[in-house]
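> I'd like to ask you about the structure that follows.
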Amino acid sequence: MSEPAAPARAYEYIVVGSGAGGGTLAARLAEAGRSVLLLEAGGDALQLADERLPDDYQVPAFHAFASENPAMKWDFFVRHYNDEERQKRDGKYTEQRGGVLYPRAGTLGGCTAHNAMIFIYPHNADWDYIEQLTGDRSWNAADMRKYFARLENCRHRLLKRWIMKLTGWNPSRHGFGGWLTTEIAMPMEALGNRYLRKVLEESAVDASSQIGERLKRLRWFFKTRGDPNDWRLVRANSFGLRFLPLTTQGHVRVGSRERVRSVAKTFPEKLSIECDALVTRVLFNGTHRAIGVEYLKGERLYGAHANPSKDAGEKRQAYAAREVILCGGAFNTPQLLMLSGIGSAEELKQYGIEARVDLPGVGKNLQDRYEISVVYRMNENWQMLAGAKFSKGDDQYQEWDNKKREGVYTTNGGVLAVIKRSKQDKLPDLFCLGLVGKFKGYFPGYSKLIAEHHNYLSWIILKARTLNNAGRVALQSADPRQPPKIEFRYFDEGSDKQGKDLDAVVEGIQFVRAMTQDLRAQGVVAAEELPGDERRSEEQLKEFVRDNAWGHHASCTCPIGPREKGGVLSSDLRVHGTAGLRVVDASVFPRIPGYFIASAVYMIGEKAADVILADKQ
Ligand SMILES: Cc1cc2nc3c(=O)[nH]c(=O)nc-3n(C[C@H](O)[C@H](O)[C@H](O)COP(=O)(O)OP(=O)(O)OC[C@H]3O[C@@H](n4cnc5c(N)ncnc54)[C@H](O)[C@@H]3O)c2cc1C
């Protein structure tokens, strides 16, 4: 490894990681006139040498291919169970890697560069819970809504769309509306398709609800255009049929990459973005104040990369006059804290790391959703997928690539969604997403299934508000290039001793089955491939869920909360026992928020900017 380079320029703030949390925060601080260095371990997807880029990044329907794109992906292999026998029962288990694939993006924009772009407001209760836990009133749901307003620039609300169309006036360009555009992609072929129309009708009602209740729900659906982010629906914790707002602009992916690039262009002297910079530790002065970071400069340095570099990188340092803010995500932020001597002193000792702050909560409390697919093979191919090879230049690509941006590639494959409340929760906790494609979770090569089959309908059930917080992220080496050990401790190994999460997921499967019953009776569905007709009883379904569930919203590993209760951060996102050091990403939540986590993480980025800018020190 080479010697440290010459002393670098000092910034007011150093932000580590450019994902939903870090990108949002860095941009806002720079806009407010603060000098910011944004360090990102990956490269910029639109400049990486790869034959499928930039399409994998930009085309909404290619998101699965984005998550497997070797130039961008960071593959983690995680344990759902510590018990080897139990773990091996999962068909997604990759024995050579000792775990189940958990995709992450090591690139500018973080996971917003490959995610499915679904943007859905969290539960109000998620914010109120943080207020109750900390006594900090700024977290209450009514106050938090303003951060969503700063973000969301919704192109699908009808009135706004009409105004824009008739007058050519774009409110966001005039300082109204947020920076993150959302659109609904719903190709007319899908609405015209009798199969999908049937699913739509079926899902508009809840089998258990009374006729009056069903009518009320349908009325609200039309009143709010099925927009899950409509404040009236959020406030009422409502459930029923919903459309899917996607973070796209003109049906091209947008996220924190576009945000930071645009701000850096406008304020080049305020925001410096440095890619290929893997931060390896936080630098402190003698009083535990963070003063900067040490990082390795070079491409593909992290071990989770598909093709990690053999080169050791060039060691560099950067200094922050005010603060260092860690935004590496739920796996990397706790790893970086531990490498910097902040974590359980006992655990750090095993790796020869001296504890600066003995903070056992770091890396603990790992949470996620439980997800499962009900996979139907249809008797016919979906008309809307005709000509789709999921590659540049195919028939569907041409539809997307024309001026009007049409066709199935404008969607993420999800055609509609139903929010439901299981018997296990007081609030809606199940999100059922209908996807025209074959999808049964993440394993190496999973995206191929989507390209190869045009006659599948997969209902993905996401269990929100999960109760298991027994997972953890732990070091397995003191080498910052080695990914940490990630153990989720699913179901029986976890903390949900009454099995409520499991019961709720099974309820979700039963609901989807009930919804699809008619299609089966009509012979539209050829077969239920998963869980399959052989699994009918509750016990059989539970076993299926235990063996096949996955998640992709890992969070909560540096939770806000009192130190003595395992908390890592104060309510203003400062790391306990330190100064000048905060965390702003998916790891800050004490409990996993919402149905889809990115909106809440973006909101955290906006809130953090407010808190930091208000700080007088
Ligand atoms: C396949 C997939 C699909 C998803 N789809 C959706 C969806 O449709 N809707 C939704 O709401 N959520 C979705 N998510 C989840 C969501 O995108 C993430 O939870 C969210 O982006 C997390 O934000 P973050 O800021 O915590 O971290 P990230 O967005 O992961 O960003 C972290 C960044 O930090 C960088 N970094 C890490 N360590 C270092 C280091 N040491 N030095 C420098 N840089 C570092 C990483 O390269 C990365 O760019 C999806 C996730 C996956 C995996």
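The values are calculated or read from the model by the stated rules, or taken from the named source; none is laboratory data. Note that this is a predicted model, so its numbers are computed, not measured. Neighbour counts run over all protein chains shown; Cβ positions are idealised from the backbone, glycine included.
> List every residue pair whose Cβ atoms lie under 8 Å apart, where the two residues are 6 or more positions apart in sequence or sit on different chains, the first residue falls within the range 126-149 and is over 15 Å from A609 (Cα atoms), and the second residue, located anywhere, is of a type in the set (K, R) and surrounded by fewer than 18 Cβ atoms within 10 Å (Cβ to Cβ).
Listed by first residue and then by second, the contacts come to E131/R137.
> Oh, and also: Examine the range 310-318 for a residue that is assigned to a loop (DSSP other than H, G, I, E, B), out of contact with any helix residue (DSSP H, G or I) (no Cβ under 7 Å at 6 or more places or on another chain), more than 24 Å from A474 (Cβ to Cβ) and without any contact (Cβ under 8 Å) to a residue 40 or more places away in the chain, and state whether such a residue exists.
Within the range 310-318, one or more residues are assigned to a loop (DSSP other than H, G, I, E, B), out of contact with any helix residue (DSSP H, G or I) (no Cβ under 7 Å at 6 or more places or on another chain), more than 24 Å from A474 (Cβ to Cβ) and without any contact (Cβ under 8 Å) to a residue 40 or more places away in the chain.
> Sticking with this one: Where residues in the range 332-360 are of a type outside the set (A, V, I, L, M) and surrounded by 24 or more Cβ atoms within 10 Å (Cβ to Cβ), which of them is farthest from Q482 (Cα to Cα)?
The selected residue is G343.
> Now for a different question. Please report, ordered by residue number, the strands (runs of 3 or more DSSP E) entirely within the range 258-300 with at least 3 residues that are surrounded by 21 or more Cβ atoms within 10 Å (Cβ to Cβ) and in the same structural domain as R574 (by TED's automatic domain parsing).
Counting at least 3 such residues, we get 277-284, 290-297.
> Here is a further query. Could you please give the count of residues in the range 110-127 that are over 16 Å from L46 (Cα atoms), near the ligand (Cβ under 6 Å from one of its atoms) and assigned to a helix (DSSP H, G or I)?
Of the residues in that region, 0 qualify.
> So R300 ticks every box in (1) on the phi < 0 side of the Ramachandran plot; (2) more than 11 Å from the ligand (Cβ to nearest atom) but one. Which box is left unticked?
Every condition holds for R300 apart from (1).
> Another question, then. Looking at (1) in a loop (DSSP other than H, G, I, E, B); (2) surrounded by 22 or more Cβ atoms within 10 Å (Cβ to Cβ); (3) basic (K, R), which one does R52 not meet, given that it meets all the others?
The single condition R52 does not satisfy is (2).
> Which one of the conditions (1) at pLDDT 95 or above; (2) not in a loop (DSSP other than H, G, I, E, B) does L233 fail to meet, given that it meets all the rest?
Evaluating L233 over (1) at pLDDT 95 or above; (2) not in a loop (DSSP other than H, G, I, E, B) leaves (1) as the failure.
> Can you list residue pairs whose Cβ atoms sit under 7 Å apart, with the first residue in the range 598-612 being in a helix (DSSP H, G or I) and the second being of a type in the set (D, E) and within 8 Å of the ligand (Cβ to nearest atom)? Count only pairs 6 or more apart in sequence or on different chains.
Hits for this filter: V601/D585.
> Considering (1) under 21 Å from the mean Cα position of the chain (by Cα); (2) over 18 Å from Y370 (Cβ atoms), say which one I486 fails and leave the rest.
Condition not satisfied by I486: (2).
> Quick check on the range 533-541. Is at least one of its residues under 26 Å from A20 (Cα atoms) and either within 16 Å of the ligand (Cβ to nearest atom) or assigned to a loop (DSSP other than H, G, I, E, B) (or both)?
Checking the range 533-541: not a single residue is under 26 Å from A20 (Cα atoms) and either within 16 Å of the ligand (Cβ to nearest atom) or assigned to a loop (DSSP other than H, G, I, E, B) (or both).
> Hey, G42 hits all of (1) in contact with a strand residue (DSSP E or B) (Cβ under 7 Å, 6 or more places away or on another chain); (2) farther than 21 Å from G298 by Cβ but one; which does it fall short on?
All conditions are met except number (2).
> Next up: Note down all Cβ pairs under 7 Å where the first residue falls in the range 539-560 and is farther than 29 Å from Y129 by Cα, the second is among the acidic types (D, E), and they're at least six residues apart or on different chains.
Listed by first residue and then by second, the contacts come to D547/D90; N548/D90.
> OK, next. Looking at (1) over 25 Å from E452 (Cβ atoms); (2) at pLDDT 95 or above, find the lone condition where Q47 falls short.
(2)
> Hey, among the residues in the range 268-281 that are closer than 18 Å to A41 by Cα and touching a helix residue (DSSP H, G or I) at 6+ places or on another chain (Cβ under 7 Å), which one's nearest to the ligand (Cβ to nearest atom)?
V279
> Now a separate question. If only one of G580, G494, G566 is small (G, A, S) and touching a Gly at 6+ places or on another chain (Cβ under 6 Å), which one is it?
The match here is G566.
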